[in-house]
Structure formats: structure tokens, C-alpha cells
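Okay, structure first, notes after.
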Amino acid sequence: MSEVVLNIRTMADYLAKGEMPEYLFWVGCAGSFDDRQKKVTRAFCEILQKAEISYAILGTEESCTGDPARRTGNEFLFQMQAMSNIEVLNMYQVKKIVTACPHCFNTLKNEYPSLGGTYEVIHHTELLAQLLKEGKIEISEEREEIAFHDSCYLGRGNGIYEAPREIIAELQKDLKELKSCRTKGLCCGAGGAQVFKEPEPGAVDIQVKRTEEIIESGVKKVAIACPFCMVMIQDGLNKTGHDKDIQVVDLAELVQKAMK
Amino acid sequence: MTYFFQFLFIALLASMSYLIAMRFKGIIATIRLSQPVYLSDQPAERWKRVFLLAFGQKKMFQKPFVGLMHFLIYIGFILINAEILEIILDGILGTHRLFAPFLGSLYPLLLNFFELLAAGVFLACLVFFARRGIFKVQRLQSENHSELKGFPIRDAYTILIVECVLMAALWTMNATDAVLQSRGVEHFQAVGSFIISENLIPFLDSYSTDALFLIERIAWWFHIAGILGFALYVTYSKHLHIFFAFPAAYYSSLKSSAYIPSLDSVTHEVKLMLGQPASGEAAPTNLRFGAKDVMDLNWKNLLDAYSCTECGRCTDQCPANQTGRSLSPRKIMMDTRDRLEEVSVILSKNKGQFVDDGQSLLDKISGEELRACTTCQACVEACPMELSPLNIILELRRYQIMEMSDAPAAWNSMFSNIETNQAPWKFNPSDRMNWAKS
């Protein structure tokens, strides 16, 4: 699909030329390895390139932030990951980090400082909203109704409720709020490392319950801003047989598609 | 005779005050067994929270009708309690309506106001009765939530009944008083009748002065003994939040609800392993990683457990609970408090020393419950007092994983993938940039 040739540079590339990018784009494990999420990663890079934002990635020097380990209770593994990541980030004198994963975002922003890693960390929805507002991205309008699913680590965890909604408004799309939204947003079921194991015994999968609200809302498209919500909501749609009529997209993909 | 009643009153007041003080002393001693956590930074912000969350009940008003009803009880209790001062002084000095001569025309005005507040309390209690018993609000039913079976449900109804009865005693006292005044009985100074209780006068008017005198005294004693007894009962009840909501709000977390603090003892070990200087962190004093029992939690976790009033907003919002999983954040709070009460008994039996009874908090909370949490923070967000069941869950999980090695196989694979492949899945780390290839 993507015809654009991406010019991706690593921090090491920049350092070799004695240059410093404005942002480090923290791709995250899902963004690097998950086939669906890789499309989101590429979409976001395409936007950054078009908007002429200077950024770099860590490439193979990037490693899991440790979030899933910490949330299961494996503090040892978390801190091992955190400290070696902080060593790399500090070596490159990273100042600003942008990431498309709310879990990486929360860990880098809130949990690395006490271990010696203090950076200005923003989520990709914040940067996208800002670029759209500043007119750095030209868009072609296509009116459609779209729902937005709040991610726990973006909303409740970090108070980011407006940026995703601003993106939808800037793209001139009609936002359909789900029954459980904002502070009352219903979890997709992935957090707390749930996505890495079978769910505990229960009546219904959390992602199915969440998806039912999306189906009830009557939208044909639901926007998300988290790779794990992407996995779970898609799974919920598959399980309820609505994978053909409801599409799940990351907000970066929505922007990329509207981009002239 | 008056001296006898004065003596009786002073004895009652002193013994109840002693019992209540001992209870608080016991609760505080139990909380003190816990781990330290520094929560005294930014006092201005913390006081703001006390005013918004505790005094202002900001989050209660997210459900406006329930918020208003709760506010009526709260404001009624705080302001009517101003009258307790007069009642106590009357009891000690053997006087009657001690403040009336000093306050003059303000006195009836105040009492009318108190009676209206009492009506608010009464009304709100009836509404709460109806919500529990008639409209069957889901989160308050023990049929749906096993943690409420037995004492918790009885406790909830007891509180509502006691509050209604206390208000009724207040009105009866004032109504009989008004009739006795109108009959010019000595001792009953003319302060008039009051807005609510005057409606009871027709029912009382036919009684003899002696009978009314007796009713007035019984209502007076019942009211004050009821209040003192209730204050003691509250320390055993979910109603303890009327005291603890204030410190709980002051010490509530100013950080993101998604933030998990670092375990310093682990930092020490990890730094040694990575060959980094570990002098900044004190060597671990507590050799237990995570929490097995209440004393492994920090004092704010324990204050939270004592402050919880079991309203169930957390459980109502919990995605795991909504989908039929065994986790209920409210149960986590109640189990923690139940264990604290057991520990408190051990302390009082052993001169303030904790003696291992072979039990722990993990005997009450199962691994399945802990593993069901998605750490979505809906429970913390839902709590009107910003209490955190999540922090307790996470500390117990640390013990479960690091000390008991009790993880599902899929999690163990995820751990080893992170260790060896730098990602939670088994991909080759050198393929990490493959997405960038066009």
C-alpha cells in the first residue's frame, strides 16, 4: 500500500554524523514485530517525514521497556530492562521521546525518572494533534462517523483524553462517543500483561464486552491509539463475527490516509 | 438525684471515650506495622484534595442524586454534632439547654436549622434503604457480590437504622420539651417549639407531665448514649470512613494512577548485578519482595483499607468483575481490613508485639483474583476517596511472582523472551528494524 519511500535513520546514524534529531521515536516491541502494528509504525513515520520532523529510532538497540514484566509483579526483570534502556537513552543524550504505545509511553514518562532516566515523553496522538493544529499536515476531508476507544494508560493513567479527539475533529470526521468513554472507558482486556496469557475463568472475554459497545454504537470504523487495544478489539470483532463490517484503525493510519 | 445522673453521665462519657480511644490506638498501632512511604510533599496540593474530595465530596457528585443524598447525611452529622457539645455539658453539669440563655433568639433559630438537617439525614437514609432493599442497586447486593454476605450487609443496614433512630430521638426530645415548656414545668425554659418536632406535639399532648418528663429523659439519654455507642461501633464498621476519609484524601497519590513505584530493594540487587554503584539505595532491610501480609504493604495501603466504605463503585467499574471473573477490588480492600483486624487482636494479646499466627493476607486473596487484574485503574478512578485497591493487588503480585514463582507458563515464556530476545515474543532481536524495509 505504502508507495512512499521511508527514510528511517537510527540514533547511531545521527551520532555518526555528529547530528541530533529532535525526537527519538520509541517504536516498541509491538510496533516492531506485530504485523498489524508495523503498518501503524510505517504510517506514523510517513507522517513525520511529510511534516519534516527530525527523528530517529534506536533500531536494534531498542529493547522492551519492561512494562509487562513490572505489571505481572516481576520487578527484577523490569528494572533490568529499565536500567539497560536508560543507559542507552542517556548515552545518546535523548531529550524528547515520542511513542505510539501508551504502555511504553507510561513507563518511559512516569517510571524511568526514579531510575535515572528523565525525558520529555509524548504520545504520538499528542504530536499528531499538534501537527494538525499547526497546519503542518495538509489533509483532504472525508466525512465519516468514527468511534474512539480510550486506552487505560493514555486516559486514566495519563489524562490524555483530548488529543485523540482533536485529531478526529481536525480530520473533519464525526466522533461517536462509546457508552463507556473517557474516565469511564472500558478496558480492552490486554493490560496488566493479560495479553500475554489466557484470561482467568470468567463469563465472557473482556474484549468481547468492549467490542459489543462498539457494535451497539453503529459505527463502521473504530479508532484506537494503542497496539494492544488494536489486538484485543480486532479479536473481539473476530469473535463476534463483525470483523468484516467494522474496521479498527490507529489514529496515525487515519491521519496518513487523509494526508494529501 | 441530679448528682446521680450527672455521675452516671460522666461515667458513661468517660468509659465510652476510653473505649473509642483504645480502638483508634489499636488501629493506628496496626497501621504502624507497615512499610514506610513518603507522602507529605506538596502540602498545598494535598490540602486542596482534602477540601475537594473529603469536605467537598467532589467525586460523590459524579452521581448527582446519590451525591446530594450523601451530602445531606454528611452535613447533618457534622452540624448536628455541634449540638452534642451542649448535650455533653448539660449532662456533666446537670443543666438543661445550657446555651439557650447565652444565644438568646439565635438559639431557636439554630435548633430549627438542626431539625431540618435531621430531616435531611432521615430522608437520605430512607432513600439509601430503598436503593439497597427495593431498587436493588446491583453493586450493593450480596447475591451478586459474595464479599458482602454476612456482616457487611448487616453493617450497612445497622448504620442506616441507627442514623434514623438517632434523628427520631432528637425530635422526640425536642417535642416533649416543647410540651413541658408550655405547661410551665420548672427546669424547661421557654425556647419554643421547632419546625419538625412540633408536628409530634399533638401525639404527646395527651400524656401526663410525669410521663412526658420520662419520655424526654429517655429520648435524651438514648440520643447521647446512641451517639457514643455509634462512635464506638463505627470503629468496627465500614462507616469508619467518616474519620479516615480526611487523612486518606490528604495522603492520596499525587502521581499518575498508572505509576508503579520502584522497589528499592530490587534496585539495589539489580545495580549490583549490572555492576553499577549501588550506594544510593540502602541495602534491603525487608528481605521479602512484594507483600504476603498486611505488614508488607505500606501504611497508605492500610489506611485505604480502613477508609473503604464498601460502596462498590470500584467493583462496578472493574472490567474483570464485569465479565464474571473472581476479582473484586472491593473484596481486596475488605480482605485487607479483615486481616488488619486479626493482626490487631494479635497485637493486643501480645503487648503490642506481632506474633506469627501462620496466616497471611494471601490466605484470603487467591492467585486467580490477582492474575485477573488488567491494571486499567478504573477502580482507582471510580473511588470517591481515591483509594487504591490496585496498589495492593500489585504488591501481592510481586510476592506471587518473585517469592512464590507462581506465574502461568505463558508469563514465564514472556519473561524469558524479554530476557533473551528483548521483546515479549520470541522474535530475533536483529529483526527489530525489519518493518523499516520497504
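The values are calculated or read from the model by the stated rules, or taken from the named source; none is laboratory data. In this text the structure is predicted, and so the values were computed from the model without any measurement. Neighbour counts are summed over all protein chains in view; Cβ atoms, including those assigned to glycine, are modelled from backbone coordinates with ideal geometry.
The C-beta contact set for the stretch B:135-151 (first residue without any contact (Cβ under 8 Å) to a residue 60 or more places away in the chain, second residue small (G, A, S), distance under 6 angstrom, 6+ apart or interchain) comprises B:K149/B:S142. In summary, helices (runs of 4 or more DSSP H) completely within the stretch B:40-122 and bearing 1 or more residues that are over 25 Å from B:M385 (Cβ atoms) occur at B:64-93, B:100-103.
Residues are listed down the side, and each one gets a yes or a no for (1) touching a residue at least 40 places away in the same chain (Cβ under 8 Å); (2) in contact with a Gly (Cβ under 7 Å, 6 or more places away or on another chain); (3) in a helix (DSSP H, G or I); (4) facing chain A (nearest Cβ under 7 Å):
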site: B:T375; (1), (2), (3), (4): yes, yes, no, yes
site: B:R398; (1), (2), (3), (4): yes, yes, yes, yes
site: B:M414; (1), (2), (3), (4): no, no, yes, yes
site: B:E419; (1), (2), (3), (4): no, no, yes, yes
site: B:K426; (1), (2), (3), (4): no, no, no, no
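Just name the residue that is farthest from A:G155 (Cα to Cα) out of those in the stretch B:356-400 that are of a type in the set (S, T, Y) and surrounded by fewer than 22 Cβ atoms within 10 Å (Cβ to Cβ). Out of the qualifying residues, it is B:S360. Selection of first residues in the stretch B:238-264 that are away from chain A (no Cβ under 14 Å) and of second residues that are β-branched (V, I, T) and not in a loop (DSSP other than H, G, I, E, B), restricted to Cβ pairs under 8 Å at least 6 apart or on distinct chains, gives the following pairs, ordered by first then second residue: B:K238/B:I159; B:H239/B:I159; B:L240/B:V234; B:I242/B:V234; B:F243/B:V234; B:F246/B:V50; B:A249/B:V50; B:Y250/B:V50. Might you let me know whether the stretch A:15-34 holds any residue that is in contact with a His (Cβ under 7 Å, 6 or more places away or on another chain) and either at pLDDT below 95 or buried (at least 24 other Cβ atoms within 10 Å of the Cβ) (or both)? There is no residue in the stretch A:15-34 that is in contact with a His (Cβ under 7 Å, 6 or more places away or on another chain) and either at pLDDT below 95 or buried (at least 24 other Cβ atoms within 10 Å of the Cβ) (or both). Per the conditions (1) part of a loop (DSSP other than H, G, I, E, B); (2) hydrophobic (A, V, I, L, M, F, W, C); (3) in contact (Cβ under 8 Å) with a residue 12 or more places away in the chain; (4) closer than 23 Å to A:R71 by Cα, the sole criterion not satisfied by A:V219 is (4).
Looking at A:G192, A:G155, A:G185, A:G202, which is the one that is within 12 Å of chain B (Cβ to nearest Cβ) and within 14 Å of the chain's Cα centre (by Cα)? Testing whether each residue is within 12 Å of chain B (Cβ to nearest Cβ) and within 14 Å of the chain's Cα centre (by Cα) leaves just A:G155. Those helices (runs of 4 or more DSSP H) of the stretch A:38-151 in which at least 1 residues are more than 14 Å from the chain's Cα centre (by Cα) and within 12 Å of chain B (Cβ to nearest Cβ), considering only elements entirely within it, cover A:67-72, A:75-91.
Just the residues that are assigned to a helix (DSSP H, G or I) and either among the acidic types (D, E) or surrounded by fewer than 18 Cβ atoms within 10 Å (Cβ to Cβ) (or both), please, taken from the stretch B:128-142. Of everything in the stretch B:128-142, those that are assigned to a helix (DSSP H, G or I) and either among the acidic types (D, E) or surrounded by fewer than 18 Cβ atoms within 10 Å (Cβ to Cβ) (or both) turn out to be B:F129, B:A130, B:R131, B:R132, B:G133, B:Q138. Residues that are over 27 Å from the mean Cα position of the chain (by Cα) and of a type in the set (G, A, S) were ranked within the stretch B:97-120; the one that is surrounded by the most Cβ atoms within 10 Å (Cβ to Cβ) is B:A100.
Of the residues making up the stretch B:143-176, those that are exposed (fewer than 15 other Cβ atoms within 10 Å of the Cβ) and either in contact with a Lys or Arg (Cβ under 6 Å, 6 or more places away or on another chain) or closer than 25 Å to B:N321 by Cα (or both) are B:E143, B:N144, B:S146, B:K149, B:G150, B:F151, B:R154, B:Y157.
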